[in-house]
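Here is the structure we will look at.
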Amino acid sequence: MTVQDTTETATQSSAVILTETAAGKVKTLLEQEGRDDLKLRIAVQPGGCSGMRYQLFFDERSLDGDTVLDFAGVKVAVDRMSAPYLGGATIDFVDTIEKQGFTIDNPNAQGSCACGDSFN
């Protein structure tokens, strides 16, 4: 289940989705940093073994053309170059004995590497 209040109008197919679990983890990380002015930026960059690589990081900048969404108080920014690659992608956080970290389920990815860090 996701919680979403958009600060900019975006259709479901053109926006990323941050799950409640992921939003909770982001809030915890921001509290540990002692910062409430940062956004979670999700970007796509060339690289990785499959051609494109995801980047998730905290950012205080606002870039021209950003789409900024609010998920239960967590601001998520996607730049205009990354938006077409991320439309409809769901960002989650898993914490199991096998894996811990953020995951991205991207309907636009035609393939990915074995590590799941890059896609094409």
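The values are calculated or read from the model by the stated rules, or taken from the named source; none is laboratory data. No experiment lies behind these values; they were computed from the predicted model shown. Quick note on the areas: whole protein, heavy atoms, side chains included, nothing else; ligands and nucleic acids left out. Shrake-Rupley method; radii C 1.70, N 1.55, O 1.52, S 1.80 Å.
Sorted from largest to smallest, which semi-axis lengths in Å does the alpha carbon gyration tensor of region 22-85 give for its equivalent ellipsoid, taking the root of 5 times each eigenvalue? Let's see the in-between values first.
Details: eigenvalues 97, 39, 20 Å².
The answer is 22, 14, 10 Å, longest axis first.
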**Report entry** Solvent-accessible surface ranking, highest first, for ARG80, ARG61 at 1.4 angstrom
**Finding:** ARG80, ARG61
Report summary line: Taking placed amide H atoms and a strict 5 Å upper bound, the residues 5 or more places from ILE17 or on another chain that come that close are ALA89, THR90, ILE91
Report summary line: region 56-110 accessible area per residue, 1.4 Å probe, protein heavy atoms, integer Å², reads 58
Query raised in the report: Sequence-distant or interchain residues sharing an amide H contact under 5 Å with ARG41, placed H: which?
Result: PHE57, PHE58, ASP59, ALA77
Query - Under Karplus coefficients 6.51, -1.76 and 1.60, residue-wise ³J(HN,Hα) of region 27-43 in Hz, glycine/proline x - result: 4, 4, 5, 5, 5, 5, 6, x, 10, 10, 9, 9, 10, 7, 9, 10, 9
Query - Net length gained if the chain between THR103 and GLN32 were fully extended (0.36 nm per residue, minus Cα distance) - result: 23.5 nm
Report task. Taking amide H positions as placed in the peptide plane 1.01 Å from N, state which residues far from GLY47 in sequence (5 or more) or on other chains have amide H under 5 Å from it. Result -> MET52, ARG53
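Could you rank LEU38, LEU86 by how accessible they are, 1.4 Å probe, largest area first? Please report the intermediate quantities before stating the final value.
Working: LEU38 25, LEU86 0 Å².
Ranked from most to least accessible, the order is LEU38, LEU86.
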**Report entry** Accessible-area value, THR90, 1.4 Å probe, nucleic acids and ligands omitted, Å²
**Finding:** 40
